[in-house]
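The values are calculated or read from the model by the stated rules, or taken from the named source; none is laboratory data. Please read these numbers as outputs of a predicted model, since none were measured by experiment. With ideal geometry, Cβ positions are generated from the backbone for all residues, glycine too; neighbour counts draw on all protein chains shown. With ligands, DNA and RNA removed, areas are computed over all heavy atoms of the protein, side chains included. Shrake-Rupley method; radii C 1.70, N 1.55, O 1.52, S 1.80 Å.
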Amino acid sequence: MSNFTIHDFLRKKTNGGKISMITAYDYPFARIVDEAGIDAILVGDSLGMVVQGLENTLPVTMDEMIYHTKMVARGVKNAMIIGDMPFMSYQTGIAEALKNAGRFLKDAGAAAVKMEGGGEIAEQIRAMTRSDIPVMAHIGLTPQSIHRMGGYKVQGKTEESAKRLLEEAHIVEDAGAFSLLLEAIPMDLAKTITGELSIPTIGIGAGPHCDGQVLVLHDVIGLFERFIPKFVKKYADLKKDALNAVKTYRDEVKNGTFPSDDQSFK
Ligand code: KIV
């Protein structure tokens, strides 16, 4: 079992100290992220875009999420693993949602699940919490609602939508969520929500006042370049490094300098 738990999430909210969270989708990157001392790993359905090369996250399946979460779990010693419920794995009814959430804990090694939505998933949150499946809710820009939202747009910019998001935040807290992810909302709104809730908020594009931050790993290390949201900070350029490495290998194969004696048996 991982060392960081939902109790540490809540403790950080009470005692101060930010929660660090990032996505990972496989064993080698899970090892890196865990070794770096990240508190929580989200096996996000963003894997549909950054690993599978899909246009959006909608086609990602439960079986794929379980497959990736298992790989992550094998690489992790300390971080808490949160499995992301994919589109249509929880919207279709409480029993189905419960069964799918349970798979993350039972089959894949996650300690919690994340679901996109507010009031409309309150019943699912309640049922999961009752069954000892901790839930992180996710409001603001919810990528699974891309068609309703008409694209990946900042949410909560009008007074009315900000009020609605604040209400949603209270609803998911009351339903039993242990934490709330806020995506792409104005930082003042995130500050208000963070101040009013007793559960910790995790921001992505929600400014510095949240109790923690999450980013998509492939954005952070420069492995996804199709589009880069304003809220992303790129800390490395692995695409460039990998490209250079493979090009050098190709050149050395072609000109006969690889393999040398060092890589050969006598
Ligand atoms: O799927 C994901 O990686 C997410 C992040 C954008 C938070 O939900």
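So for the chain: antiparallel DSSP bridges make up what percent, rounded to the nearest 5? Mind showing how you got there, number by number?
On the way: 1 of 30 bridges.
Antiparallel: roughly 5 percent of the beta bridges in the chain.
Using a Förster radius of 35 Å, what is the FRET efficiency between residue 67 and residue 188 based on their Cβ-Cβ separation? Nearest 0.05, please.
Working: r = 40 Å, r/R0 = 1.14.
FRET efficiency, residue 67 to residue 188: 0.30.
Over 25 Å apart: what share of the alpha carbon pairs of the chain falls there, rounded to a whole percent?
Values: 15908 of 35245 pairs.
Summing the P(r) of the chain above 25 Å gives 45 percent of all pairs.
So what does log10 I(q)/I(0) come out to for region 123-199 at q = 0.14, 0.21, 0.23 Å⁻¹, using the Debye formula with one equal point on every Cα and no solvent?
Debye output, listed in q order: -0.45, -0.94, -1.06.
Assuming R0 = 35 Å, what is the FRET efficiency of residue 228 and residue 131, from their Cβ-Cβ distance, to the nearest 0.05? Present the calculation step by step, with values, prior to reporting the outcome.
Working: r = 38 Å, r/R0 = 1.10.
The formula returns an efficiency of 0.35 here.
At what distance in nm do the modelled label points of residue 174 and residue 78 sit from each other, each positioned 7 Å from its Cα along Cα→Cβ?
That separation, rounded to one decimal, is 3.9 nm.
Choose one answer from 36, 175, 111: the residue with the largest mean-square fluctuation in a GNM of the chain with alpha-carbon springs under 10 Å.
Checking each option, the largest mean-square fluctuation is seen for 36.
May I ask which residue of 20, 156, 242 lies farthest towards the positive end of the charge dipole of the chain, with charges of +1 (Lys, Arg) and -1 (Asp, Glu) on Cβ and the Cα centre as origin?
242
Could you tell me what fraction of 2.2 N^0.38 Å the Cα radius of gyration of region 1-101 comes to, as a two-decimal ratio?
Against the compact-globule rule of thumb, the ratio is 1.13.
Would you please give the FRET efficiency between residue 92 and residue 242, computed as 1/(1 + (r/R0)^6) with r the Cβ-Cβ distance and R0 = 35 Å, to the nearest 0.05? The partial results should precede the final answer.
Details: r = 40 Å, r/R0 = 1.13.
According to the calculation, E is roughly 0.30.
Given the options 184, 217, 263, identify the residue whose Cα lies farthest towards the positive end of the charge dipole of region 131-266 (+1 on Cβ of Lys, Arg; -1 on Cβ of Asp, Glu).
With unit charges placed on the Cβ atoms, the residue in question is 263.
Give the accessible surface of region 149-266 per residue, rounded to a whole number of Å², with probe radius 1.4 Å and ligands, DNA and RNA excluded. Please list the in-between numbers first.
Numbers: 7030 Å² over 118 residues.
In whole numbers, region 149-266 has 60 Å² accessible per residue.
I need the chymotrypsin sites (Phe, Trp or Tyr not before Pro) found in region 178-266, filtered to DSSP loop residues with at most 12 other beta carbons within 10 Å of theirs. Let's see the in-between values first.
Values: sites: 178, 224, 227, 231, 235, 249, 265; in loops: 178, 224, 227, 231, 235, 265.
Sites meeting the loop and neighbour criteria: 227, 235, 265.
If a helix is a whole DSSP H run, which ones in the chain reach 15 Å or further along their own axis (Cα) and hold a mean Kyte-Doolittle hydropathy of at least -0.5? Walk me through the numbers before you get to the answer.
Details: long enough: 62-74 (18 Å, -0.34); 94-106 (17 Å, 0.05); 159-175 (24 Å, -0.69); 238-255 (25 Å, -1.11).
Within the chain the helices that satisfy the rule are 62-74, 94-106.
How about residue 191: which lysines have a C-alpha closer than 28 Å to its C-alpha, ignoring those fewer than 8 places off in the same chain?
Straight-line reach from residue 191, under 28 Å: 12, 13, 18, 114, 153, 157, 163, 230, 233, 234.
How far is it, in nm, from the label point at residue 257 to the one at residue 18 when both lie 7 Å from their Cα along the line to the Cβ?
Result for the modelled spin labels: 4.3 nm.
How would 32, 221 line up by accessible area, probe 1.4 Å, largest first? Mind showing how you got there, number by number?
Values: 32 100, 221 25 Å².
From most exposed to least exposed: 32, 221.
Over the Cα atoms of region 88-171, what radius of gyration and what Dmax do you get, in Å?
When restricted to the Cα atoms of region 88-171, Rg and Dmax are 13.8, 43 Å.
Could you check the simple spin-label distance between residue 152 and residue 235, using points 7 Å along Cα→Cβ, in nm with one decimal?
A separation of 1.9 nm, rounded to one decimal place.
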